[in-house]
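Enquirer: Take a look at the following structure, please.
The values are calculated or read from the model by the stated rules, or taken from the named source; none is laboratory data. Every value quoted in this text rests on a predicted model; they were computed, and no experiment measured them. Glycine also receives a Cβ, built like all others from the backbone with ideal geometry; neighbour counts cover every protein chain displayed.
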Amino acid sequence: MDLPDLSRVLQPVAQASGLPNALYTDHGLHQQEADALFAQEWAALCVASDLPAPGDAKPIDFLGQPLLVLRGRDGELRVFYNVCRHRGMILVETPRRIEGALRCPYHSWCYATDGRLVTTPHVGGPGNNTHPDIDRSALGLRVVRSYVWRDVVFVNLSGTAPPFETVHAALIARWKEADQPLFHGGSDSHFTLEVKTNWKLAVENYCESYHLPWVHPGLNSYSRLEDHYNIEAPAHAGQGTTVYRQLRDASGQVLPDFAGLGARWDTAAEYIAVFPNLLLGVHRDHAFAILLHPDGPARTREEVHLYYATQSVSPALRQQNASQWRSVFEEDIFVVEGMQRGRAAEGFDGGRFSPAMDGPTHCLHAWVAARMGAVGGNV
Amino acid sequence: MVALLEAEALEARSRTAEAFLLTHAYVLSLEAGLPTRALLERLQDLGAES
């Protein structure tokens, strides 16, 4: 399908229409998005905490690209294409620890954990492991540009995006005081939700506070709609609240605070979507990251990770916190799945935004339209 | 397995057979993170490795 006219999406929020249905349902346009919105930009791939030790390797199929995240003996986390430079064989099938070198299972070419090609058995014939035309120094694993921020591993598949710190300078500055060591809560602080929706609807729903009174009555009972404010920027959007209530266990114990936060964080929390596919939450005593993995235009895997200020957090509180957030995120599922089914309605024109409440959602739509339009020439 | 291959290599009847067996031992050692210097030197002496 050709890219629809997106010029109305780029109007100011009070006049704009939302993105047309086809951008939520059409497989061809989904492929175009994979290139224009993910490969050309910095997209969230996984979390560094999944690979804590040297040699840890995790294969990830990311929008059809076989990638390999690998922590080297030097402690550096790198992302490579998960294929041998010889015959393109997949190198690592399941997450595991590489004890020494990474050996291709086909002809046993071996790579160091920093990607260097270290041996090429019989490449010059039986018993000859070198050949004048095989330059090992030029045949290391192909590197994918990556960057780690707040434990999230981002990749720029095209290699052409401006530096991550430039693209997200405004957000990095906004959360400068929260930029400190994060301790992943472990297996009880990680869960996955499979949702029958387009990835953008998950972002859109996360960005805005408008739905809170109706979809999250529990949250709204102490943090009311009027306590929230919009956060709008070219590469991220979301909402914050001036009323955050700490979780307490039966004995009144709370989670330990991050060090040195300003007074506003005593009662504040912020929830920001980093375009295209990362949802972040920051509080005085914990943080979370939700990575969105599109699986076609109508399915998304949401991978949730919770973080704390120290390693020594009460397991009971950690589990209580994870359970509470899981309930909140599950409350959103009927909404994002309902909007996805609604995108089958030929009479839906992308929708009309609330000029007061939908600014963050419009930020995403404008970000998408500008990039898709630049490719399709339709804006 | 590595030790077995090394022992077989000592009995090899040709340079190619010896290099073949040592290469196998070398690859397995690399993969397992075992010491490889001695094997590499033997392969280099045979002209099989750079």
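Enquirer: Could you list, in sequence order, the residues of the range A:160-210 that are at pLDDT 95 or above, in a helix (DSSP H, G or I) and of a type in the set (Gly, Ala, Ser)?
Expert: Correct list: A:169, A:170, A:173, A:189, A:202.
Enquirer: Would you be able to say whether some residue in the range B:18-30 is surrounded by fewer than 18 Cβ atoms within 10 Å (Cβ to Cβ) and either among the small types (Gly, Ala, Ser) or closer than 26 Å to residue A:96 by Cβ (or both)?
Expert: Looking for residues that are surrounded by fewer than 18 Cβ atoms within 10 Å (Cβ to Cβ) and either among the small types (Gly, Ala, Ser) or closer than 26 Å to residue A:96 by Cβ (or both), one finds none in the range B:18-30, hence no.
Enquirer: Further, regarding this structure: Six or more apart or on different chains, Cβ under 7 Å: which pairs go from a residue in the range B:17-30 that's more than 8 Å from every other protein chain (Cβ to nearest Cβ) to one that's outside any helix (DSSP H, G or I) and of a type outside the set (Lys, Arg)? Could you list them?
Expert: B:21/B:12; B:28/B:1
Enquirer: Another question, if that's okay. Can we say residue A:256 is of a type outside the set (Phe, Trp, Tyr), buried (at least 20 other Cβ atoms within 10 Å of the Cβ) and in a loop (DSSP other than H, G, I, E, B)?
Expert: Answer is no for this residue.
Enquirer: Which of the following residues is away from every other protein chain (no Cβ under 12 Å) and buried (at least 18 other Cβ atoms within 10 Å of the Cβ): A:104, A:110, A:84?
Expert: A:84
Enquirer: Okay, moving on. For the range A:113-143, give me each residue that is at the interface with chain B (Cβ under 7 Å from one of its Cβ atoms) and under 29 Å from the mean Cα position of the chain (by Cα).
Expert: Answer for the range A:113-143, where residues must be at the interface with chain B (Cβ under 7 Å from one of its Cβ atoms) and under 29 Å from the mean Cα position of the chain (by Cα): there is none.
Enquirer: Pick out the one residue from B:9, B:3, B:48 that is more than 22 Å from residue A:132 (Cα to Cα) and buried (at least 16 other Cβ atoms within 10 Å of the Cβ).
Expert: Exactly one of B:9, B:3, B:48 is more than 22 Å from residue A:132 (Cα to Cα) and buried (at least 16 other Cβ atoms within 10 Å of the Cβ), namely B:9.
Enquirer: Which condition number does residue A:214 fail, the rest of (1) in contact (Cβ under 8 Å) with a residue 40 or more places away in the chain; (2) assigned to a helix (DSSP H, G or I) being met?
Expert: It is condition (1) that residue A:214 fails.
Enquirer: Considering the range A:57-81 alone, what residues qualify as being in contact with a Ser or Thr (Cβ under 9 Å, 6 or more places away or on another chain), of a type outside the set (D, E, K, R) and crowded, with 20+ Cβ neighbours inside 10 Å?
Expert: Once the filter is applied, which keeps residues that are in contact with a Ser or Thr (Cβ under 9 Å, 6 or more places away or on another chain), of a type outside the set (D, E, K, R) and crowded, with 20+ Cβ neighbours inside 10 Å, the range A:57-81 yields A:57, A:69, A:70, A:79.
Enquirer: Does the range A:259-280 hold any residues that are outside any strand (DSSP E or B) and in contact (Cβ under 8 Å) with a residue 40 or more places away in the chain, and which are they?
Expert: Residues satisfying the conditions are A:259, A:260, A:261, A:262, A:265, A:275, A:276, A:277.
Enquirer: How many residues does the range A:148-160 contain that are on the phi < 0 side of the Ramachandran plot and surrounded by fewer than 18 Cβ atoms within 10 Å (Cβ to Cβ)?
Expert: 3
Enquirer: Just name the residue that is surrounded by the fewest Cβ atoms within 10 Å (Cβ to Cβ) out of those in the range A:281-325 that are among the basic types (Lys, Arg) and not in a strand (DSSP E or B).
Expert: Ranking the qualifying residues of the range A:281-325, first place goes to A:299.
Enquirer: Consider only pairs whose beta carbons are under 9 Å apart and that are at least six residues apart or on different chains; among these, list those whose first residue lies in the range A:340-354 and is over 8 Å from residue A:17 (Cβ atoms) and whose second residue is part of a loop (DSSP other than H, G, I, E, B) and of a type in the set (Phe, Trp, Tyr).
Expert: Qualifying pairs under 9 Å: A:342/A:348; A:354/A:210.
Enquirer: Among the residues of the range A:24-35, is there at least one that is of a type in the set (Val, Ile, Thr), in a loop (DSSP other than H, G, I, E, B) and farther than 30 Å from residue A:98 by Cβ?
Expert: Checking the range A:24-35: not a single residue is of a type in the set (Val, Ile, Thr), in a loop (DSSP other than H, G, I, E, B) and farther than 30 Å from residue A:98 by Cβ.
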